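One structure is given below, encoded as structure tokens.
The values are calculated or read from the model by the stated rules, or taken from the named source; none is laboratory data. All values derive from a computational prediction rather than experimental measurement. Neighbour counts run over all protein chains shown; Cβ positions are idealised from the backbone, glycine included.
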Amino acid sequence: MRLYGKDGLKARLDGIAAMGRLPHAILLSGHAGCGKKSLARYIAQLFLCGNNACGQCAACRNIEHDGHPDVIFVKALLGGKYSMEPLRGVLRDTVIKPNNGDLKIYVFEDADTMTPQHQNALLKLIEEPAEHLRFIFTCVNTSLILETILSRVTEFEVPDTGVNACAQCLSDSGVDAQRARELSEMFAGNISECRAVLDGGDEMKLIETAQNIAAAIGRHDKFGTASALTEQQGRDDFARTIEYLTRIIRDALALRCGGEAEFFGRNEAQSIAAGFSEEEILGMLDAAFELAENEIYNLNLALTTAYFTSKVFGG
Ligand SMILES: [Zn+2]
């Protein structure tokens, strides 16, 4: 399996596996969309292939397509969300021996979305694992994982894919090379986000709205900012748009501090950086975070907009 932008980590895991020392419980931490799930599949192959994750054998191919009966993606199995009773059911099934080989691998994706109770329910299993069990956790935020779990897993930090490797990955999967490069640059090499755009949906429209808001801020156009903000329909779209806006503002801050812009909206970031002080941009970022964190937008949109523009422009 090709892992894009992960050569160093892959070599490390290969080395550990070759010595027969893959830990029985592994935590993969890294940014959202950096490729943790692909890596979990690869580690499952290292466990089950018997030939260094050859990619050719039935086990490897089944794992690559999430069709191996002994590699269980728990969150997906539970319908995309952890909840207590179904989780207990899955944990009870761990006593059942593997179908094909010697091992059964449980992947707990987004383990940082499990409550402390969910995590506690796993604890015994990881502490005293049966011979045939292996565990792989993935998470963005390690601080949401219980200390008792952390002390029993071996953590590997998964690096970001990077713009070049991401573009390569997209073009290998059939996306036009120039489009692949464009998208990869827009999303700072985040494969998942590029795919979200390619899969259709409204992402591009939301990004455009975020750019419009940022452009209006850059022009010191309070009215334009307010009207771009109220273009939104629905809370989810609003939240996504604000998330994208946040990235542009973050890029503006980076530019202001002598760094580089990472995401779409470089021009807009440039004009904000040129027209506002570092402190003002920090204030904007705060205001955007507040919106994104849902503190404000339980109010109606007009109030939210008024709040944001007053924070950005004063008054
Ligand atoms: Zn294989």
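Looking at the structure I just gave you, is Q233 surrounded by fewer than 21 Cβ atoms within 10 Å (Cβ to Cβ), closer than 19 Å to T209 by Cα and modelled with pLDDT of 95 or more?
On the way: surrounded by fewer than 21 Cβ atoms within 10 Å (Cβ to Cβ): yes; closer than 19 Å to T209 by Cα: yes; modelled with pLDDT of 95 or more: no.
It is false that Q233 is surrounded by fewer than 21 Cβ atoms within 10 Å (Cβ to Cβ), closer than 19 Å to T209 by Cα and modelled with pLDDT of 95 or more.
Pull up region 142-165, narrow it to residues that are in a loop (DSSP other than H, G, I, E, B) and free of Cβ contacts under 8 Å to residues at least 40 places away in the same chain, then point me to the one that is farthest from K75 (Cα to Cα).
So in region 142-165, the residues in a loop (DSSP other than H, G, I, E, B) come out as 145-146, 151-153, 158-162.
Right, trim to free of Cβ contacts under 8 Å to residues at least 40 places away in the same chain and you get 146, 151.
Numbers: L146: 18, S151: 22 Å.
So the residue we want is S151.
Could you list, in sequence order, all residues of region 50-72 that are polar (S, T, N, Q) and near the ligand (Cβ under 8 Å from one of its atoms)?
Narrowing region 50-72 to residues polar (S, T, N, Q): 51-52, 56, 62.
Result: N51, N52, Q56.
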How many residues, within region 54-112, are within 11 Å of A44 (Cα to Cα) and either buried (at least 21 other Cβ atoms within 10 Å of the Cβ) or not assigned by TED's automatic domain parsing to the domain that holds I126 (or both)? 10
Say whether the condition of being surrounded by 14 or more Cβ atoms within 10 Å (Cβ to Cβ) and in a helix (DSSP H, G or I) is met by at least one residue in region 125-135. yes
Checking A11 against (1) within 23 Å of L150 (Cα to Cα); (2) more than 16 Å from the ligand (Cβ to nearest atom); (3) aliphatic (A, V, I, L, M), which test does it fail? (1)
Boolean, Y4 is among the aromatic types (F, W, Y), at negative phi, surrounded by fewer than 21 Cβ atoms within 10 Å (Cβ to Cβ) and touching a residue at least 40 places away in the same chain (Cβ under 8 Å): yes
Taking F47 as the residue in question, decide whether it is within 16 Å of the ligand (Cβ to nearest atom), crowded, with 20+ Cβ neighbours inside 10 Å and within 15 Å of A25 (Cβ to Cβ). yes
